[in-house]
Amino acid sequence: MKKIVLAAINAKYIHSNLAVYSLKANAGKYEEDIELAEYTINHQKEEILAGIYRKKPDVVGFSCYIWNIEYVLDVAENLKKICPQVEIIFGGPEVSYDAEKVLQRYPFVDLVMVGEGENTFREYAAFLLGEGAEKRSDIAGLCYRKEDGKAVFTAPRMPMKMDDLVFPYRDLEQMENRIIYYETIRGCPFSCSYCLSSIDKTVRLRSLDLVFDELDFFLKNRVKQVKFVDRTFNCNHKHAYKIWEYIKEHDNGVTNFHFEIGGDLLREEDFELFRGFRPGLIQFEIGVQSTNLFTIEAIRRKMDLTELAEHVERVRSGGNIHQHLDLIAGLPHEDYDSFHKSFNDVYRMRPDQFQLGFLKVLKGSYMEEVKDEYEIRYRSSPPYEVLTTKWLPYEDVLRLKQVEDMVEVYYNSFQFQATMLAMENYHTDAFEMYQTLGGFYDKKGYFGMKHSRIARYEILWEFLCEAEWSEEAREILRQTLTYDLYARDYVKNPPAFVPERSHEYQQKVRDFLTKECEQPTVLSGYEKYQPKQLFNMIYVQQFTVNIPKLLKTGKVETGEAHSLVFDYQKRNPLTHSAEVIRL
């Protein structure tokens, strides 16, 4: 008997590798001969190598992606040096589209599985164990090296029926606190030029009865998050709606479901359904990529931008579904000014997460075919990220990297919501605001340094103090920054910008908390605590800026002094901010 190990090197510990679980589950009677080995790119390569070696495998299959291929190559090469008799197999999107080159370039790789792997792997496992096909050449979906050293392809592997796939999860004991990846669709009806999903235009759906049974398994086990890997999940409306409806009806109060959708494809009945969702039950990822119409045409996207913006706003106004919107820099016809506009167009949609990505020229994609026409220069090593294009010089790429960093820290963290909204009132537009902030970081040498959470607030205050604004504007931003700081946590040693509470005011706070202990009218859930304890659990501060209104409208309004109470036992399920009550 031969021992087969399937190795996965994930980007983070919380991730899992659906591919290796599916290969093992679909191996039929050979499943027991297969062992899984999962690692992350945070492991030392020596640790991964040693871990696989100690399993004493006869065959090792590596799941290859742009984020792990350099680790995989290093581990596989050294494993071959230590154990030359071990057969090394590669599979996955990073090697499927140039399998012949992989074999030519890396002599330690014995075979590449091309395309969908479940049937191919099962048949090859049978071959390795002395059953099934007599020759490799009889197994579809392989590329291997002949005796003369030349690479040869077997027949193409035909796509599977989705209902033939065996559910990949048996025991979730090792999945605690990890994201579960799940698949109900293969293929994509769209033809986006930067994406590999567009290669397979035959959309195949898993039967809803099977999907419902599998969702029950996740719900029963109360997993934290299930991430659907389906591309444009709602490309088939009936399929998507029925799954969303089932999730709503069987909500366990714990599990979150993540979907990548076409925002402009949502229908009226979807919005009606969404109204009844528990906050945090589902979340959406929507790829906008650009709002430049020439760019959208060049990348072969089909998208109604007006409808998209309306739909994103309708979902946002419900306040119960997290939305993640993407832009890609480096696309055809998108120069710095055009990206500036695309940024502002998407920013106005107020997504919960706003990701600025940079074009990755993937092997096998249409974008790789037209790279010379568009004068796209990109890194030769993974993730093949754009360096320059006909429209975007490297200098502008660097400037956009600064904007990306600032958005990640000051927008996507949910920790500076009031301040960033207020700051927009003192800048030409949102893009210019983040660009200016990035320039400040660059001037001060703050990029490349590790900063604590408090340091990020202090740097922003430093930026605000150096800006040529009025004292009134600076005082407004001092208050919003204080609000943001305490909306996240009760900071016992506040930074210098936080207004000091007078002894008289602190006594008023103590009196308020004492009354709340005796007869609650504002707070709830603190009946067992003493006033002294509450003073260290509940933060109360005085403001003249109407921050709740700012958070709703984006407009700054000042008035009479009033107190806000920060209750950390009650948090927004989407932003994790404390509940704030105005006295």
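Points to keep in mind about this one:
- Among the residues of the range 360-373, just one is over 21 Å from Tyr65 (Cβ atoms) and either of a type in the set (A, V, I, L, M, F, W, C) or surrounded by 19 or more Cβ atoms within 10 Å (Cβ to Cβ) (or both), namely Val370.
- Set side by side, the residues Leu523, Leu534, Leu551 differ, and just one is in the same structural domain as Glu472 (by TED's automatic domain parsing), in a helix (DSSP H, G or I) and within 24 Å of Ala418 (Cα to Cα), which is Leu551.
- Given (1) of a type in the set (D, E, K, R); (2) more than 24 Å from the chain's Cα centre (by Cα); (3) at pLDDT below 95, index of the condition Asp396 fails: (3)
- Options Ala140, Ala155: the member that is surrounded by fewer than 12 Cβ atoms within 10 Å (Cβ to Cβ), at pLDDT 95 or above and among the small types (Gly, Ala, Ser): Ala155
- Residue that is farthest from Arg350 (Cα to Cα) [pool: residues in the range 323-339 that are of a type in the set (A, V, I, L, M, F, W, C) and either touching a helix residue (DSSP H, G or I) at 6+ places or on another chain (Cβ under 8 Å) or without any contact (Cβ under 8 Å) to a residue 12 or more places away in the chain (or both)]: Leu331
- Subset of the range 548-569 [surrounded by fewer than 13 Cβ atoms within 10 Å (Cβ to Cβ) and in contact (Cβ under 8 Å) with a residue 40 or more places away in the chain]: Lys555, Gln569
- Cβ separations smaller than 6 Å between residues 6+ apart or across chains give no pair from the range 71-100 residues that are outside the structural domain of Lys56 (by TED's automatic domain parsing) to residues that are of a type in the set (A, V, I, L, M, F, W, C).
- Members of the range 327-344 found to be surrounded by 18 or more Cβ atoms within 10 Å (Cβ to Cβ) and acidic (Asp, Glu), listed by number: Glu334
- Residue list for the range 135-157, restricted to those being within 39 Å of the chain's Cα centre (by Cα) and of a type outside the set (D, E, K, R): Ile139, Ala140, Gly141, Leu142, Cys143, Tyr144, Ala151, Val152, Phe153, Thr154, Ala155, Pro156
- Restricted to the range 439-455, and to residues there that are assigned to a helix (DSSP H, G or I) and buried (at least 17 other Cβ atoms within 10 Å of the Cβ), the residue that is nearest to the chain's Cα centre (by Cα) is Tyr441.
The values are calculated or read from the model by the stated rules, or taken from the named source; none is laboratory data. Fair warning: this is a prediction, and the values are worked out from it, not measured in the lab. Every residue, glycine among them, receives a Cβ derived from its backbone with ideal geometry; neighbour counts consider all protein chains shown.
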